[in-house]
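See structure below.
All of the numbers you see were taken from the coordinates with simple rules; none came from a lab. Every value quoted in this text rests on a predicted model; they were computed, and no experiment measured them. Here the Cβ is made from the backbone with ideal geometry for all residues, glycine too, and neighbour counts use every protein chain on show.
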Amino acid sequence: MPTGGGPAWRALCARAGLLESSPESGAPLVSITAAGHSTTTAIAIGRRIVPVTPFQQNCSLVWCQRTQRAIVVDPGGDLERVLAAIAQRGVTVEKILLTHAHLDHAAGARRLADQLSVPIEGPHRADEFWLDAIPQQSEMFGFPRTAAFKPDRWLVDGDRVYWGEQSMSVLHCPGHTPGHVVFHHADGIAFVGDVLFHGSVGRSDLPRGNHAQLIDSIRRKLWPLGDAVVFVPGHGPESTFGHERRTNPFVGDALFD
Ligand SMILES: [Zn+2]
Ligand SMILES: [Zn+2]
């Protein structure tokens with residue numbers, strides 16, 4: 001498998017994978033019905049990926065099409081880029097969501113939250129030790145000095161997060177970190193952080209990581225959402241659960257027959 005130039009994020013987050021940026025999306029989805037007819041479904045959210053930090057982390061700006069209210073998922077840093085995307089879209093950010101507490105996902109969250117006067121929701125409390133270690137993580141990787149912080153809401157499996165006229169379900173998916181959560185929107189989109197990548201899965205050799213638990217999270221929590229679900233990983237290109245079930249060398253279905 002090509003290594004795509006060996007970006008730094010792979011060393012921190014993923015076992016293997018490809019790297020490319022993803023365009024803005026928000027166009028209507030065309031779905032194929034059981035009878036083979038295509039129907040156009042108006043989708044409820046628009047979104048745009050803003051790669052941030054030296055790890056090219058996929059921070060997502062996600063907005064409600066009806067209200068233009070928005071969330072920011074995983075603002076790890078480079079906040080001027082995130083703020084520029086917000087201004088360019090003309091949306092109003094209501095809250096910040098965190099999938100997990102590694103610094104490339106979480107280090108910019110408190111500064112952005114204070115600047116926009118919005119709350120931070122997630123991750124699960126089992127990642128508190130990582131949030132407490134953000135100052136050391138920042139120093140180790142040459143990030144701007146960042147204070148430890150707590151979110152305004154810890155999330156648990158089965159929670160929902162709300163903004164505008166939208167909501168997403170919360171799935172607790174430990175393994176990369178113990179408090180990692182995934183957000184799933186009914187439009188068929190999931191924000192999976194460093195749980196799953198196009199052609200790879202998250203690292204599990206960092207403190208309190210667990211490979212068996214990670215694979216279990218993917219197979220028991222993500223696959224039931226459906227093969228058609230498009231997922232935005234923490235790094236690299238988007239994919240679908242179906243594609244990964246067929247081809248992923250770490251968690252594809254063929255490994256479990
Ligand atoms: Zn990451
Ligand atoms: Zn991570």
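Quick one: which strands (runs of 3 or more DSSP E) lie wholly within region 151-257 and hold at least 1 residues that are within 16 Å of ligand 2 (Cβ to nearest atom) and at positive phi?
189-193
Do the conditions hold for Leu131, that is, is it of a type outside the set (Lys, Arg) and under 22 Å from Arg81 (Cα atoms)?
Spelling it out, it is not the case that Leu131 is of a type outside the set (Lys, Arg) and under 22 Å from Arg81 (Cα atoms).
For the structure I just gave you, tell me whether Ser200 is within 16 Å of ligand 1 (Cβ to nearest atom) and among the hydroxyl-bearing types (Ser, Thr, Tyr).
Considered against the rule, which asks whether it is within 16 Å of ligand 1 (Cβ to nearest atom) and among the hydroxyl-bearing types (Ser, Thr, Tyr), Ser200 comes out as yes.
Pull up region 77-90, narrow it to residues that are in contact with a Ser or Thr (Cβ under 9 Å, 6 or more places away or on another chain) and in a loop (DSSP other than H, G, I, E, B), then point me to the one that is farthest from Arg153 (Cα to Cα).
This residue is Asp78.
Looking only at region 97-114, which residues are away from ligand 1 (no atom under 16 Å from the Cβ) and either farther than 19 Å from Gln68 by Cα or within 14 Å of the chain's Cα centre (by Cα) (or both)?
Arg110, Arg111, Asp114
If a residue has to be farther than 30 Å from Leu225 by Cα and in contact (Cβ under 8 Å) with a residue 24 or more places away in the chain to count, how many in region 143-181 make the cut?
Within region 143-181, residues that are farther than 30 Å from Leu225 by Cα and in contact (Cβ under 8 Å) with a residue 24 or more places away in the chain number 5.
Name the residues in region 59-79 that are surrounded by 19 or more Cβ atoms within 10 Å (Cβ to Cβ) and either of a type in the set (Ser, Thr, Tyr) or farther than 15 Å from Ile96 by Cβ (or both), would you?
Ser60, Cys64
Give me a count of the residues in region 102-125 that are aliphatic (A, V, I, L, M) and away from ligand 2 (no atom under 16 Å from the Cβ).
5
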